[in-house]
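Have a look at the structure below before the remarks.
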Amino acid sequence: MSLDCCIIGGGIIGLSIARELAGRGRSVRVLAREGRRETASWAAAGIFPPVPDPAAVAGDANAVLTAWSDSLHRHWARELVAETRLDNGLFACGGLHVAAAGAGLERLRRDAEVWHAKGVRCEWLEASGLAAVEPALAGAVAAGRVEGGILLPDEMRIRPPRHLEALERSCAGRGVSLSHDSEVTGITVAGGRVNGLEVRSPQGAETVVAGSYVLAAGAWSGPLAESIGLAIDTRPIRGQIALLRLPQQVLGRIVNRGLDYLVPRDDGRILAGSTLEDVGFDRATVPTDIARLLAVAAELVGDLAGATVEKTWAGLRPGSADGLPSIGRVPGKENVIVAAGHFRAGLHQSPGTAVIVADLLEGKSPPLDIGPFAPGRAIGPPGPASTATLVARAAAER
Ligand SMILES: Cc1cc2nc3c(=O)[nH]c(=O)nc-3n(C[C@H](O)[C@H](O)[C@H](O)COP(=O)(O)OP(=O)(O)OC[C@H]3O[C@@H](n4cnc5c(N)ncnc54)[C@H](O)[C@@H]3O)c2cc1C
């Protein structure tokens, strides 16, 4: 049977695109080099910050994509339950962003004004107010480690592994073929088109031919794109997380302090994350980094000093030099689309990315301006959301 589309990458971006395309009646194959636990998507924390009305952020392409994807997530979560009986745990648990006195607190006051200006529900709380809404912070408040912060009632969480599994099941139900052990080792180009993918798997080597191809290989997309003459920077940025367990759940909301966070889960566990490290394709966890995450967790919530560390892991975020993903056609290659470089927001932006890619493959104009995401665009100096800026800030805050 001829294949309409072959997608390189079985993370959240590749699977979301596969699901959308298959839902539109296309025959799709997904090639992934490794199992889902090795992806950034599986490793993610699953925080969805509240989003403004897209009209309030018109002109900020990344914010528009996130806001639109946020609304699609609500539909997708319901559809996924209906199709797969798996609940991805999408839930508006709310979030607190807290700081001690000093520069962090000043930054939060400015952030609160920005949230307000964008029409996002947001309340400034002094220390006593924070302890009142989230009693687990009372010890940190009493010790002066938390002196104020922002309550964002619409911050959401999702369970990334469950979402991935639900997407895989939905894809299977829609006829998508997915292999987790198939590495694309070469891309054959002729006459301005990709003619096939060289694939290696335990079954041997094969050439996979399709009408169109999507490059959605996360942090590994840069090198693959380079092999077809496209320069995109999807530099891997490692993030480490520790999974903590207490006899009972003590947190209701996500707690963010600087770039660190605690995410309560409905099974009683708490995720403590995360690092932002530019260390190449190294997915190991480092004891000293995990110790720092545990120390931050205990500083915020004293009870966590006695928590059991159930698991630790790391994932490689696909970085982006200007803080924007690359989504669009590859210049000079008429049947290839790239969807990569979503950095810290790939889970959140995945359904919107999927609809954009499916529209492009069907020759339709996507419902938002994707010009700023053009693969191979000229990249200026690092902006506030760029990989380089955030990695530098993470290093300075340590
Ligand atoms: C610690 C951490 C916390 C995060 N928290 C959040 C969060 O709270 N909210 C949020 O929205 N985002 C978060 N992210 C970011 C998010 O996880 C990523 O942006 C997103 O998962 C990227 O998805 P992806 O599909 O592009 O890449 P990946 O999930 O990494 O998938 C890449 C896929 O490509 C495949 N592949 C690579 N090379 C080849 C090849 N040669 N041949 C075949 N297949 C190949 C891999 O096997 C894999 O299947 C976090 C990330 C980390 C690491």
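The values are calculated or read from the model by the stated rules, or taken from the named source; none is laboratory data. Here the structure is a predicted model, which means the values were calculated and not measured. Cβ placement follows ideal geometry from the backbone for every residue including glycine, while neighbour counts extend to all protein chains displayed.
Would you be able to say whether some residue in region 37-53 is among the basic types (Lys, Arg) and more than 16 Å from residue 354 (Cβ to Cβ)? For region 37-53, residues among the basic types (Lys, Arg) and more than 16 Å from residue 354 (Cβ to Cβ): present.
Checking the stated criteria, residue 294 turns out to be touching a residue at least 12 places away in the same chain (Cβ under 8 Å), aliphatic (A, V, I, L, M) and not assigned by TED's automatic domain parsing to the domain that holds residue 224. Collect the residues in region 300-320 that are surrounded by fewer than 24 Cβ atoms within 10 Å (Cβ to Cβ) and either among the acidic types (Asp, Glu) or within 15 Å of the ligand (Cβ to nearest atom) (or both), keeping them in residue-number order. Passing the criteria: 303, 310, 311, 312, 313, 314.
Beta carbons closer than 9 Å, at least 6 apart along the sequence or on distinct chains, pair a first residue in region 349-367 that is of a type in the set (D, E, K, R) with a second that is surrounded by fewer than 24 Cβ atoms within 10 Å (Cβ to Cβ) for 359/365; 359/366; 359/367; 362/24; 362/26. All conditions in (1) over 19 Å from residue 259 (Cα atoms); (2) out of contact with any Gly (no Cβ under 9 Å at 6 or more places or on another chain); (3) more than 11 Å from the ligand (Cβ to nearest atom); (4) at pLDDT 95 or above hold for residue 328, with the sole exception of (2). Does any residue of region 220-230 turn out to be crowded, with 17+ Cβ neighbours inside 10 Å, of a type in the set (Gly, Ala, Ser), closer than 30 Å to residue 376 by Cβ and over 18 Å from the mean Cα position of the chain (by Cα)? Yes, that holds for at least one residue. Residue pairs whose Cβ atoms lie under 8 Å apart, separated by 6 or more positions or on different chains, with the first residue in region 237-253 and closer than 23 Å to residue 156 by Cβ and of a type in the set (Gly, Ala, Ser) and the second more than 12 Å from the ligand (Cβ to nearest atom) and not in a strand (DSSP E or B), are 242/290; 242/294; 242/297; 252/93; 252/94; 252/134. Specify which of the listed residues (125, 108, 137) is of a type in the set (A, V, I, L, M, F, W, C), touching a helix residue (DSSP H, G or I) at 6+ places or on another chain (Cβ under 6 Å) and either crowded, with 17+ Cβ neighbours inside 10 Å or under 23 Å from residue 270 (Cβ atoms) (or both). Sole residue among the options that is of a type in the set (A, V, I, L, M, F, W, C), touching a helix residue (DSSP H, G or I) at 6+ places or on another chain (Cβ under 6 Å) and either crowded, with 17+ Cβ neighbours inside 10 Å or under 23 Å from residue 270 (Cβ atoms) (or both): 137.
Mind checking whether some residue in region 341-357 is surrounded by fewer than 22 Cβ atoms within 10 Å (Cβ to Cβ), at positive phi and not charged (D, E, K, R)? Within region 341-357, not a single residue is surrounded by fewer than 22 Cβ atoms within 10 Å (Cβ to Cβ), at positive phi and not charged (D, E, K, R).
Yes/no per residue for (1) away from the ligand (no atom under 16 Å from the Cβ); (2) at pLDDT 95 or above:
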| position | (1), (2) |
| --- | --- |
| 124 | yes, yes |
| 135 | yes, yes |
| 182 | no, yes |
| 191 | yes, no |
| 198 | no, yes |
